[in-house]
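Novice: Questions regarding the structure given below will be posed in turn.
The values are calculated or read from the model by the stated rules, or taken from the named source; none is laboratory data. Computed from a predicted structure; not experimentally measured. Positions of Cβ are generated from backbone atoms using ideal geometry, with glycine treated the same way; all protein chains shown enter the neighbour counts.
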Amino acid sequence: AARPTAPYLDDLNPAQREAVEALDGPVLMLAGAGTGKTKALTTRIVHLLNTGKARPHEILAVTFTNKAAREMKSRVGRTLGEAVEGMPWMGTFHSICVKILRRHQELVGLRSNFTILDTDDQIRLLKQLVRAAGIDDKRWPARALAGVIDQWKNRAWTPDNVPVSEASAYDGKGVALYRQYQTRLCELNAVDFGDLLLHVVTIFQTHPDVLEQYRHRFRYILVDEYQDTNVAQYLWLRLLAGGHSNICCVGDDDQSIYGWRGAEVGNILRFEKDFPGAKVVRLEQNYRSTPHILGAAGGVIAANKGRLGKELWTETEAGEKVRLIGHWDGEEEARWIGDEIEAMQRGTRGLRPFSLDDMAILVRASHQMRAFEDRFLTIGLPYRVIGGPRFYERMEIRDAMAYFRLVISPSDDLAFERVVNTPKRGLGEKAVQTIQRIARENGVPLLDGAAMAVEQGAIKGKGAQALGKLVMDLSRWGRMAGAGEPSPRDIAEIILDESGYTEMWLKPKEDPDDPDESRQPKDHEAEGRLENLKELVKALEQFENLAGFLEHVSLIMENESEEQAEKVSIMTLHAAKGLEFPVVFLPGWEEGLFPSQRTLDAPPENGVEEERRLAYVGITRAEEVCTISFAGNRRVFGQWQSQRPSRFIDELPEAHVEVLTPPGLYGGGYGAAASMHEESGLEARAAEANVYNSPGWRRLREARMSSRPGGQTRGAAVIDAQAVSKHVVGERVFHQKFGYGAIIAIEGDKLEIAFEKAGVKKVVARFVTGTDD
Ligand code: ATP
Ligand code: MG
């Protein structure tokens with residue numbers, strides 16, 4: 001047959017075209033960021049359909065996010081026009097597996113309409129099993145077990161084939177509990193996320209006829225972001241493509257960022273072995289970013305060992321260098337970025353004007369978003385948060401807010417219902433019904449109903465005691481809030497601590513005698529929630545009272561409903577995979593934040609390498625302007641902490657970086673924040689002294705010194721950190737959090753202090769400064 005003329009092929013370079021036109025047999029497209037892998041993959045679908053090689057239902061395309069799937073659908077739809085009826089299956093591994101599982105559920109013992117549990121349900125179920133097994137769930141939290149089971153499912157291990165090397169997991173009871181959990185899920189006619197894939201793999205492995213049916217149906221398989229597939233996903237693909245081998249995978253080993261979730265880059269390397277005769281296509285021309293951006297990204301990723309290694313080039317003009325800027329603290333960083341975005345909208349520093357849709361802020365940790373959301377609301381800058389709820393919509397934040405609401409408005413029944421048994425107070429459905437009945441009969445809010453229920457003895461036992469305490473606590477907190485003492489920030493902290501809410505997310509102390517750390521995998525979710533709670537408390541610092549804060553948040557929430565045409569995007573680096581924006585801001589490049597503390601604490605160097613790949617993903621999202629920033633001070637767990645610029649900053653090649661002058665340290669409009677922290681004394685200044693010793697900050701300072709008449713740097717006096725702890729008993733001191741007090745005792749670096757407002761507390765000397773009065 002004559003080759004059909006296809007205008008869409010003219011948009012491709014020869015290497016892409018080769019990958020698109022090699023329709024039959026295995027193809028692996030291995031190439032760096034922005035080289036048009038996704039574009040080639042999408043065009044391949046169009047080509048399959050256009051040449052009549054495949055009908056829509058014979059194509060299966062796997063993407064990493066639902067958003068990516070939607071984008072691919074619209075691109076395919078656009079290129080094909082109305083001509084084709086039906087669409088290929090395009091979606092994430094999960095969404096495709098749900099579809100398949102719904103057709104064959106009985107093969108794994110499920111019934112129709114099985115439910116998919118979310119993480120909370122999953123934990124609740126595991127907790128029941130753990131308790132029933134007589135295990136102390138303080139020492140061996142159910143969350144840890146959930147983590148273990150997830151990892152096993154990622155490796156496609158059913159309870160029957162978990163290897164013996166894992167026998168010690170979860171105090172040696174992991175496998176048995178895993179088996180019970182699967183049985184229980186089956187009884188409940190439910191699955192968790194990991195099961196979606198695992199069940200389908202099991203069905204394919206145990207029912208060759210079903211596998212054959214799908215092999216026959218999906219004659220062409222395409223996979224984007226292949227570097228992030230885990231073992232279970234890989235098995236699934238190998239089973240499906242096993243017959244015809246018409247599989248095309250595209251990926252970039254440098255962008256593998258899901259190792260912590262069980263993804264294995266090795267899958268890329270194994271491809272040629274599993275699919276012999278695979279055509280391997282390499283793309284080297286980048287169409288997305290300017291040479292400076294590529295140069296900066298290349299410089300960072302070069303520090304990783306064990307890469308496949310590849311060169312990228314581009315035809316575009318050099319453009320802007322990657323801009324680097326340091327700030328006094330995180331709030332100032334948010335303020336500067338907000339102002340910069342507005343300036344860039346107008347067109348600034350010789351750059352073209354950009355639309356808000358062109359700009360994105362990519363953060364390492366979701367708790368970083370709060371500062372931006374608050375700032376943007378204040379200045380009226382429209383934004384959207386991509387991939388995950390916005391800060392104030394998160395479960396733990398809504399729980400905490402419900403407490404605050406109830407403190408301010410005791411008649412907020414919705415808030416009452418939300419918090420009455422969160423954390424668990426032994427108040428089940430029945431107790432709540434009793435409260436509702438009493439409240440209804442007396443025409444009072446639920447909180448008053450609760451007080452009456454306790455008084456009348458309508459609720460008994462442990463629950464009654466806990467409820468009584470809650471009622472009393474709420475009114476006490478209410479009085480504090482009314483008196484405006486202590487500060488709203490401190491009240492919030494008190495509420496979260498005394499209600500037991502924070503504790504609920506705290507995992508028990510790790511057993512120091514247990515040498516095997518892996519037996520207690522960290523619960524990523526609980527940690528994130530705790531960080532978000534700290535962020536929430538921090539947000540309160542800017543408010544005079546709790547009520548004002550609640551109003552602020554309800555405004556943020558309302559803001560969402562009115563559809564703004566143009567918005568700045570805020571998302572995590574993980575969620576930004578595969579996307580591109582003309583202007584990208586990368587804040588928070590500090591040791592302990594990025595790379596994250598978790599990866600720094602864990603021994604394998606691999607963790608930092610994964611963070612570095614994440615840095616590479618971040619920089620390569622930018623088309624024209626990329627701005628990296630860091631703060632010298634950040635409040636971490638309620639305490640100001642000096643931050644060192646990220647090692648990744650030191651890895652940026654000098655030739656591709658331009659250092660911008662931070663306004664904060666000069667007082668140029670941002671002076672208030674800087675002087676505020678300066679007043680708080682030694683700690684902040686010591687922090688600066690520290691920061692000043694890192695190469696990243698030194699570079700910044702040098703640039704600043706040379707750009708400033710007189711070359712003087714404020715507050716750069718180096719302070720002897722030892723001197724800080726040289727206090728004497730009886731001395732009057734000031735503490736960041738607890739205010740003024742007198743030292744009662746000194747033990748090494750800890751001081752026992754009688755605070756004027758906060759009472760007697762033991763604190764770390766580092767956070768205490770002497771006073772002259
Ligand atoms: P990532 O690794 O980040 O997922 P990618 O390799 O998938 O990147 P694409 O997103 O497909 O890259 O392409 C990057 C940009 O380059 C897109 O805007 C795309 O439209 C454009 N592009 C790709 N190939 C070409 C080409 N041959 N000619 C012109 N533009 C192209
Ligand atoms: Mg892509």
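Novice: Looking at 461, 468, 482, 500, which one is small (Gly, Ala, Ser) and either surrounded by 18 or more Cβ atoms within 10 Å (Cβ to Cβ) or under 22 Å from residue 545 (Cα atoms) (or both)? Show your work before the answer.
Specialist: Details: 461 fails: either surrounded by 18 or more Cβ atoms within 10 Å (Cβ to Cβ) or under 22 Å from residue 545 (Cα atoms) (or both); 468 fails: either surrounded by 18 or more Cβ atoms within 10 Å (Cβ to Cβ) or under 22 Å from residue 545 (Cα atoms) (or both); 500 fails: either surrounded by 18 or more Cβ atoms within 10 Å (Cβ to Cβ) or under 22 Å from residue 545 (Cα atoms) (or both).
It is 482.
Novice: Quick one: in the range 728-760, which of the residues that are assigned to a loop (DSSP other than H, G, I, E, B) and of a type in the set (Val, Ile, Thr) is surrounded by the fewest Cβ atoms within 10 Å (Cβ to Cβ)?
Specialist: Per the stated criteria, the residue is 728.
Novice: A further question on this structure: Only residues in the range 243-269 that are more than 21 Å from residue 24 (Cα to Cα) and within 12 Å of ligand 1 (Cβ to nearest atom) count as the first member; pair them with residues that are of a type in the set (Val, Ile, Thr) and modelled with pLDDT of 90 or more, Cβ under 7 angstrom, at least 6 apart or cross-chain, and list the lot.
Specialist: Hits for this filter: 254/301; 255/617; 257/617.
Novice: Take the conditions over 30 Å from residue 316 (Cβ atoms) and within 16 Å of ligand 1 (Cβ to nearest atom) and apply them to residue 92. Does it pass?
Specialist: Numbers: over 30 Å from residue 316 (Cβ atoms): yes; within 16 Å of ligand 1 (Cβ to nearest atom): yes.
Yes: the conditions hold for residue 92.
Novice: Among the residues of the range 25-45, which ones are within 13 Å of ligand 1 (Cβ to nearest atom), on the phi > 0 side of the Ramachandran plot and surrounded by fewer than 24 Cβ atoms within 10 Å (Cβ to Cβ)?
Specialist: Answer for the range 25-45, where residues must be within 13 Å of ligand 1 (Cβ to nearest atom), on the phi > 0 side of the Ramachandran plot and surrounded by fewer than 24 Cβ atoms within 10 Å (Cβ to Cβ): just 36.
Novice: Could you say which residue among 178, 220 is within 30 Å of residue 30 (Cβ to Cβ), buried (at least 17 other Cβ atoms within 10 Å of the Cβ), over 26 Å from the mean Cα position of the chain (by Cα) and touching a residue at least 24 places away in the same chain (Cβ under 8 Å)?
Specialist: On inspection, the qualifying residue turns out to be 220.
Novice: Test residue 310 against the stated conditions and say whether it is in contact with a Gly (Cβ under 7 Å, 6 or more places away or on another chain) and surrounded by 14 or more Cβ atoms within 10 Å (Cβ to Cβ).
Specialist: Taking the combined requirement at face value, the residue satisfies it.
Novice: Here is a further query. Just to be sure before I move on: is residue 293 in contact with an Asp or Glu (Cβ under 6 Å, 6 or more places away or on another chain) and crowded, with 24+ Cβ neighbours inside 10 Å in the structure I sent? Reasoning before the result, please.
Specialist: Details: in contact with an Asp or Glu (Cβ under 6 Å, 6 or more places away or on another chain): no; crowded, with 24+ Cβ neighbours inside 10 Å: yes.
No: the conditions fail for residue 293.
Novice: Still on this structure: Considering every residue within the range 307-318, establish whether at least one is assigned to a helix (DSSP H, G or I), at pLDDT below 95 and over 23 Å from residue 626 (Cβ atoms).
Specialist: no
Novice: Restricting attention to the range 183-205, does a residue exist that is in a strand (DSSP E or B), under 27 Å from the mean Cα position of the chain (by Cα) and at pLDDT 95 or above?
Specialist: no
Novice: Does residue 22 qualify as being away from ligand 1 (no atom under 15 Å from the Cβ) and of a type outside the set (Asp, Glu)?
Specialist: Values: away from ligand 1 (no atom under 15 Å from the Cβ): yes; of a type outside the set (Asp, Glu): yes.
Yes; evaluated as a whole, the condition is true for this residue.
Novice: If you don't mind, another one. Does the range 347-367 contain at least one residue that is part of a helix (DSSP H, G or I), over 22 Å from the mean Cα position of the chain (by Cα) and over 29 Å from residue 393 (Cα atoms)?
Specialist: So far as the range 347-367 goes, no, none of its residues is part of a helix (DSSP H, G or I), over 22 Å from the mean Cα position of the chain (by Cα) and over 29 Å from residue 393 (Cα atoms).
Novice: Continuing with this model, one more query. What number of residues in the range 224-242 are in a helix (DSSP H, G or I), more than 11 Å from ligand 1 (Cβ to nearest atom) and of a type in the set (S, T, N, Q)?
Specialist: Residues in the range 224-242 being in a helix (DSSP H, G or I), more than 11 Å from ligand 1 (Cβ to nearest atom) and of a type in the set (S, T, N, Q): 1 in total.
Novice: Right, something else. (1) within 16 Å of ligand 2 (Cβ to nearest atom); (2) aromatic (Phe, Trp, Tyr); (3) farther than 22 Å from residue 263 by Cβ: which one isn't true of residue 114, the others all being true?
Specialist: Condition not satisfied by residue 114: (1).
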